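Just below is one structure, and these are the notes that go with it.
The values are calculated or read from the model by the stated rules, or taken from the named source; none is laboratory data. In this text, all values refer to a predicted model and were calculated from it rather than measured experimentally. Glycine gets a Cβ as well: all are built from the backbone with ideal geometry, and neighbour counts include every protein chain shown.
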Amino acid sequence: MSVRVVFEKNTYLNDVQEIPRAFFPYLEWDDNGENYLSWNYSVSGKTFVFNVESDIFGNATYRCDFDESNEIIFKRKTKYFAKNSLYTFLSDALGIELPYGSLTGVRPTVMYNELAKTSADPKDTLVKDYRVLPSKAELVACCAEYQKKFINRDEKAVGLYVNIPFCPTRCSYCSFISTEVFRIKKDLPKYVECVRKDIETSFEIVRDKGYNVRSIYVGGGTPTSIGAGFLSDILEPLSSCGCEFTVECGRPDTINEDIVNALKKNNVTRLSVNPQTFHQRTLDLIGRKHTVKDIYDAFALVRDKGFSVNCDLIAALPEETFEDFRFSLDEALSMRPENITVHTLSIKRGSDLNRDKTTKKTGGEALRMTDYSYSTLSKAGYSPYYMYRQKNTADNLENTGFCRDDKVCLYNVDTMEESCCVIGCGAGAVSKKLAAGGKITRFSNPKGLREYLERHSDVIGELKDFFIND
Ligand code: SF4
């Protein structure tokens, strides 16, 4: 179906159009589309009137009185009313409820905390006012309440992020800027040298600003794909920070004894072994190029070495049923990692899967999978501690990090709740500064490897300027 969206100026277009996108993730928005959906609003005194018209779904008018003199708050309230109205219109017309109702463009935990300021029961408000499914409202509430004790309160705290954007092969669902490591072999020594200089610069910034390093996260990509020698060169200057120190090993086929020794020697405290699934046919289908046995072997290598281990799974992978997912979750759980992160497949524009329209799936199976994760992991002593949602996710669902025994990843909490400054090292890494009043400013290193290497002395200068000369 191709749909022409007709709107009038200032109709909260960006926010409101997320609602039909959530119902029809793969809808073609076409100026010449044969069907149309349009909305507009008017304000008369305290009364806000929202009209929706469509040749397929019919027409409706929603109105509400807002006794609010503050212009910003009035705008915020009427925007939610407009979104809720369009949600109600489409949900009634289609007979479909979305797991997160009209919640789009806002992190669910942030919304929960916002509602908690005025509502005695924010979970109930999510269900009643925003049409969030009770199981999802429960997940959001549990996550928001659990993470409270881990939210950063130190305004001098900073996280260090180091980006190693290389992988052994490219997964078909990947939308990150990550290059297969064999393609950049000759640039690798220079890349490592530049990243080390970024790290040195980070410590200059830390000293100058009086920051306290709260966490370090080496991600990508698959940092361990560069081999133990290069990896050690990058980890060594970070090894004496004495804080949470994560390395995203990710692909099980990159984890071997040399890598584990390098991580241990450099005081890494947390790592990930990411199966995504325990089914060989799916691994082959999504281009992971490793075996199920590699997953068990990698776990055996990192277990009982004092690391906190995370394990990523993806719900709604191509051709997987609920039973397939259940098996994978149960297998991961049987290894008792400290963290299990359950993602829902999100098909982004840049991924190979996006080109293969046949693998796009919705229809309730993913919802069963994520609900199963929550109930099973809760019973097994895991708590959801951070969550986020992305666009184009199967069944419009979420990604949730679960932990046991309070073994959270502070870096993840800080990133999702935007509660801590970050200094980014390496190509494409993003630095973040929080100012009083909650204003956030960002600075991004060049994304492309070539530009990052060629402009590196400028990049260092710009990074320092961003933090020191404000
Ligand atoms: S391991 Fe991660 S970053 Fe690398 S190709 Fe796969 S999804 Fe992309």
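Quick notes on this structure:
- Among the candidates Val132, Val110, residue that is in contact (Cβ under 8 Å) with a residue 24 or more places away in the chain and assigned to a helix (DSSP H, G or I): Val110
- Within region 101-114, the set of residues being over 28 Å from Asp67 (Cβ atoms) and not basic (Lys, Arg) comprises Thr109 only.
- Among residues of region 416-470, those that are under 22 Å from the mean Cα position of the chain (by Cα) and of a type in the set (D, E, K, R), counted: 7
- Out of Arg170, Arg183, Arg196, sole residue that is surrounded by fewer than 21 Cβ atoms within 10 Å (Cβ to Cβ) and assigned to a loop (DSSP other than H, G, I, E, B): Arg170
- Hey, Arg214 more than 16 Å from the ligand (Cβ to nearest atom) and crowded, with 17+ Cβ neighbours inside 10 Å or not: yes
- Matching entry among Ile151, Ile164 (being more than 27 Å from Arg63 (Cβ to Cβ), crowded, with 21+ Cβ neighbours inside 10 Å and either touching a residue at least 12 places away in the same chain (Cβ under 8 Å) or not assigned by TED's automatic domain parsing to the domain that holds Val413 (or both)): Ile164
- Listed by position, the helices (runs of 4 or more DSSP H) enclosed by region 360-470 that each have at least 1 residues that are of a type in the set (Gly, Ala, Ser) are 365-379, 456-468.
- Considering region 228-317, the qualifying helices (runs of 4 or more DSSP H), each wholly inside and each with 3 or more residues that are away from the ligand (no atom under 16 Å from the Cβ) and under 25 Å from Gly159 (Cβ atoms), run over 228-235, 257-265.
- Restricting attention to region 90-134, the residues that are surrounded by 14 or more Cβ atoms within 10 Å (Cβ to Cβ) and among the basic types (Lys, Arg) add up to 3.
- Of the listed requirements (1) within 27 Å of the chain's Cα centre (by Cα); (2) crowded, with 16+ Cβ neighbours inside 10 Å; (3) more than 16 Å from the ligand (Cβ to nearest atom), Thr201 misses just one: (1).
To keep it simple, each residue is scored yes or no on (1) within 16 Å of the ligand (Cβ to nearest atom); (2) over 21 Å from the mean Cα position of the chain (by Cα); (3) assigned by TED's automatic domain parsing to the domain that holds Thr415.
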{"site": "Pro122", "(1), (2), (3)": "no, yes, no"}
{"site": "Lys128", "(1), (2), (3)": "no, yes, no"}
{"site": "Arg131", "(1), (2), (3)": "no, yes, no"}
{"site": "Cys143", "(1), (2), (3)": "no, no, no"}
{"site": "Lys156", "(1), (2), (3)": "no, yes, yes"}
{"site": "Pro168", "(1), (2), (3)": "yes, yes, yes"}
{"site": "Ser175", "(1), (2), (3)": "yes, no, yes"}
{"site": "Phe182", "(1), (2), (3)": "yes, yes, yes"}
{"site": "Arg196", "(1), (2), (3)": "no, yes, yes"}
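- Any hit, region 22-36, residues being part of a strand (DSSP E or B) and modelled with pLDDT of 80 or more: yes
- Tabulated pairs, region 6-26, first under 19 Å from Arg76 (Cβ atoms), second modelled with pLDDT under 75, C-beta under 7 angstrom, 6+ apart or interchain: Leu13/Phe7; Gln17/Val5
- Here Val6 fulfils each of the conditions (1) modelled with pLDDT of 85 or more; (2) in contact with an Asp or Glu (Cβ under 9 Å, 6 or more places away or on another chain); (3) surrounded by 13 or more Cβ atoms within 10 Å (Cβ to Cβ) apart from (1).
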